[in-house]
Structure formats: structure tokens, C-alpha cells
Amino acid sequence: QISMENSSSVKEFILLGLSENQGVQKIYFVAFLLFYTLTLAGNLLIVLTVTSSRHLNSPMYFFLGHLSFVDVCYSSVTAPQMISGSLVQNNTISFAGCIGQLFGLHFFGCTEIFILTAMAYDRYVAICRPLHYPLLMSRRLCGRVVGGSWAGGFLHSTLQTLPTALLPFCGPNKVAHYFCDVHPLLHLACADTRAMGLAAVANSGVIALSCFLILVASYRVILVSLRGQRPAGWHKALSTCGSHITVVILFFGPCTFVYIRPSSDLSEDRSVAVFYTLITPMLNPLIYTLRNGEVKGAMRKLCRRK
């Protein structure tokens, strides 16, 4: 048991999950176990397909392989704890585990945001500047962009995690969420956290919103550049961008909703968070493969070889 004396600090947290009803929790267990299994299977299949196929060597597939790998890591930060916690009455996590989960969530989440933004730039260059595409999207540049995405995610996560880890936690230890995040933990700290709450919004919220606006602007430029072209040109361009637009809406919509404002209703936040922590990583492989004949063909060849 955790001592509630002011001189002691919290050694573990209790994650309340999406519902405190045990019957509902069992339903969540089955659903989320299925979602997580599909997430791992679909994204690992894309990673294997992209890395093993000699034909999927364009920058778009290079970014797609990294996106799928990030999705595997991102969903693995929260899903196993959430699935196992659905079967017990008190889903506990150590203080160190909680801080590690917070770091991993923002590290992989921010990296995914930057990779999605890079994929939008790739589509812009491919459609609007096709003659300069090999020069503007060289293998070296793509590698640097991905490396910068990982570095940016690490910096963002450090700025989110370190101040939270240094807060005093001396009283309540029930986290009103199914994973450790900044806003739920700020509600438990034994200190005035209003400034940190605003800093968290300025960090996560501004990154999500600004990248989303950049993505919207890039697609607006693409649509303007297509004016005057034949329907076949429109169809080809939109077919290459449609998958990416779908993923952007599914990921950035809920993510921006949660992080762009100081959180007052945590029950609302944890329901919305399911979309960007589990649903979107699960749907990404389906969205990108169902609309892409090259990926489906490479997957069939890979399965035949195996």
C-alpha cells in the first residue's frame, strides 16, 4: 500500500482505464487484444514488404516503412498495459514505468507526426515538381529527414517528460486514464501545475496543430496545381494522396483535440485517445495497402516466397 503521509512520495500509480465496470472492461480486453494483434501483424508485414522488395525503393515507400515501424512501437507503449489491466481490478504501474510510458508515448507520437509531414512534402514534390523529384527527394535527404524526425521526437518527449518526472507526487495515485500522460499526472501533483499545463499545450498542441496546418496547406497547393488538367490527372494525383489524407485526419484530429487545450474533462480525453493510440496504427496498413497496387503486389510475392 502507498503511504499517504506528506513526507512520502508515490511509488506506483493505479490506471483507472476506460471504464471501472468489470463487465465492460472484459469487452475492452477482447476488442483491444484484437486491435493490437492486427496492428502488429499489419505494420510488421508492411515493414517486411518494403525492406525485402526491390521495387518499393521510392521515397514514399521508404517513409511508409518507417511509419509502420513507428506505429508498432507507438501502439506497444500503451496497448499491452491496457490489455492486461482490463483483467485485474487495480491496474498498477510503477512510478518509473509510468514516466517511461509517458516518454515513449510522446517520443513515438511526435516522430510519427514529423514522418507524416515528410510524406506530405514527398507527395507535393512528386505531383507539383516531378522533373526535380529525383534531386529534391534523394536517398540521402530522405535519410536525414527520417533521422531529424526521430531526433525531434526525442527532444519533444524529453521536454514533456523531464518536468513531469520532477514534480512532487505525495497524495492521490489514481490516474484517470488508461496510460500515463501529462494532463492526468498534472492533476495528481502536489504543486501548482498551471504553468506546466500551459507549457504542455504549447509543446504538444502547437506541434500537432502547426504540422496539421502545414499538411492542409500542402494539399491545397497540390489541388491548385491540378487546375486545368484532365480528369485522369486528377484521379492519379488524388489516388496517391488519398491514403495519406485519410491517415492525417484520423491521427491529427483526435491528437489536436486532446493537446491543444488545457484538459478539464479527462474522461473525454481518454475516449478520444483510443483513436490515435490504437485505432489509427491499426488502420494505417489497411489504408495504404488497399489503395496501392504496388504494395499489394509486393506483399503477394513476399507471401509466396515465405
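The values are calculated or read from the model by the stated rules, or taken from the named source; none is laboratory data. Remember, it's a predicted structure, so these values are computed and weren't measured experimentally. Positions of Cβ are backbone-derived with ideal geometry, glycine not excepted, and every protein chain shown enters the neighbour counts. The area values use the complete protein model at the heavy-atom level, side chains included, leaving out ligands, DNA and RNA. Shrake-Rupley method; radii C 1.70, N 1.55, O 1.52, S 1.80 Å.
Count of the range 140-177 residues, restricted to those that are modelled with pLDDT under 90 and among the aromatic types (Phe, Trp, Tyr), is 1. Within the range 9-27, the set of residues being touching a helix residue (DSSP H, G or I) at 6+ places or on another chain (Cβ under 7 Å) and open to solvent by less than 30 Å² (accessible area, probe 1.4 Å) comprises 10, 13, 15, 17, 19. Screening the candidates 134, 163 for the property of being over 30 Å from residue 11 (Cβ atoms) and more than 19 Å from the chain's Cα centre (by Cα) yields one hit, 134.
Quick check on my filter: what residues within the range 253-304 are assigned to a helix (DSSP H, G or I), of a type in the set (Lys, Arg) and either modelled with pLDDT under 70 or over 26 Å from residue 51 (Cβ atoms) (or both)? Answer for the range 253-304, where residues must be assigned to a helix (DSSP H, G or I), of a type in the set (Lys, Arg) and either modelled with pLDDT under 70 or over 26 Å from residue 51 (Cβ atoms) (or both): just 270.
Quick one: would you say residue 228 is modelled with pLDDT under 85, of a type in the set (Gly, Ala, Ser) and open to solvent by less than 20 Å² (accessible area, probe 1.4 Å)? Give the derivation first.
Working: modelled with pLDDT under 85: yes; of a type in the set (Gly, Ala, Ser): yes; open to solvent by less than 20 Å² (accessible area, probe 1.4 Å): no.
Against the criterion (modelled with pLDDT under 85, of a type in the set (Gly, Ala, Ser) and open to solvent by less than 20 Å² (accessible area, probe 1.4 Å)), residue 228 does not qualify.
Summed over the range 177-195, residues that are aliphatic (A, V, I, L, M), assigned to a loop (DSSP other than H, G, I, E, B) and open to solvent by 30 Å² or more (accessible area, probe 1.4 Å) total 1. The set of residues in the range 15-37 that are farther than 12 Å from residue 88 by Cα and assigned to a helix (DSSP H, G or I) comprises 24, 27, 28, 30, 31, 32, 33, 34, 35, 36, 37. Residues that are over 29 Å from residue 274 (Cβ atoms) and polar (S, T, N, Q) occur in the range 127-145; there is at least one.
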